[in-house]
Amino acid sequence: MNIRAAEEESAQEIHIPADIDWEMLDKSKFFFLGAALFSGVSATLYPVVLVKTRQQVAQAQLSGIRTAFSIVKHEGFRALYRGFGTSLMGTIPARALYMAALEVTKSNVGSATVNFGIPEPTASAIANAVAGLSAAMAAQLVWTPVDVVSQRLMVQGTHPSCSSPCRYVNGIDAFRKIVKTDGPKGLYRGFGISILTYAPSNAVWWASYSVAQRLVWGGIACYIRKKDDESNDNGNIISSSNNNNTIRPDSRTVMAVQGVSAAMAGGVSALITMPLDTIKTRLQVLDGEENGSRGPTIGQTVRNLIKEGGWLACYRGLGPRWASMSMSATTMITTYEFLKRLSAKNQESLL
């Protein structure tokens, strides 16, 4: 794939390794290695997600750092991983479904948009957005029940007004009690708002990631062009390959650009979808005394949030979520691109 520098007058191109589509992957290796790699990522980021969830259901506003220290002080370090086993068991099939839907959609939509004569940069952004949207919707079929159970476990130990009155021994116990109290639909509490949160969030993230990559590569090309101009003034030529003005970055540079672009996209997505995520978490965790076992409605949840802290209450946990999404996005995309290269059928074609 060739990405031209942002300034049209620049004659240089950046050549980076070709993207790997669905047909180029060894599927069994892709899913097996993906489960192992992303389990590690989930374990690393889980404490941040737990702190964010505690903040969202709390009636008093506390910073993420103070919340984390309070959890460790009163409940021990292990409390930061409460519900992790349940989350991990659900994340593996959900992630597999997500990756399959993402790659299949991206490949098909990308080909279709190019065939319609849409410019490649625009076609890439559209394909990424549609792929992110469809992947999120497919994965929520698994992720929503996992979220409901794991988040109930996460908030145990908090003040009674901030959590469910039920006490759970483990994920299986939580699953049984939720089904007994609310029926199977209790596992899908907040499913609609989850779709409204994660589908746009993923569409925004993948589209932003595509655009951010081009901006970063464009900036690098402009920087190198200026260096070349300075070098040419001194009678030297640097950074061109075989005198054809083509720049071939190494794998570390490619990974760094992907990481920076992912962090930028994660921050944008977190800011846009934060209120929906707060409402979703409240719907899934709180039992809603106003409505009994049916749980609170979206309207009641919004009114309660505004009553507690105004509209800014919808942004509780923004710091941890911003950090979590940026770190998760950076780790996820570098891991994901690495996974795709490990899983490619023909390694020589990637050069």
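Only residues of the range 124-139 count here: report those whose backbone N is under 15 Å from the spot 7 Å along Cα→Cβ of A112, or say none.
124-135
How long is the gain from I172 to D229 if the chain were fully straight, where each residue apart is worth 0.36 nm and the alpha carbon distance is subtracted?
14.0 nm
Calculate one ³J(HN,Hα) per residue across the range 126-138 by plugging θ = phi - 60° into the Karplus curve 6.51 cos²θ - 1.76 cosθ + 1.60, and present them in order as whole Hz with x for glycine and proline.
Couplings: 5, 4, 5, 5, 5, 5, x, 4, 5, 5, 5, 5, 5 Hz.
So which lysines pass the test for K345, namely a Cα distance under 22 Å, with those fewer than 8 places away in the same chain ruled out?
K27, K29, K106
Measure of size requested: the Rg and Dmax of the range 22-77, with Cα atoms as the atom set and Å as the unit; please supply both.
Cα radius of gyration and Dmax of the range 22-77 are 17.4, 51 Å respectively.
What is the distance, in nm, between label points placed 7 Å from the Cα along the Cα-to-Cβ direction at T122 and at R66?
Placing both labels 7 Å beyond Cα along the Cβ direction yields 5.0 nm.
As a test question: what accessible area, to the nearest 10 Å², does F84 have when a 1.4 Å probe is rolled over all protein chains in place?
40
The values are calculated or read from the model by the stated rules, or taken from the named source; none is laboratory data. Predicted, not measured: the structure shown is a model, and the values here were computed from it. Please note: Cβ atoms are built from the backbone with ideal geometry, for glycine as well, and neighbour counts cover all protein chains shown. Ligands, DNA and RNA are excluded from the accessible area calculation, which covers all protein heavy atoms including side chains. Shrake-Rupley method; radii C 1.70, N 1.55, O 1.52, S 1.80 Å.
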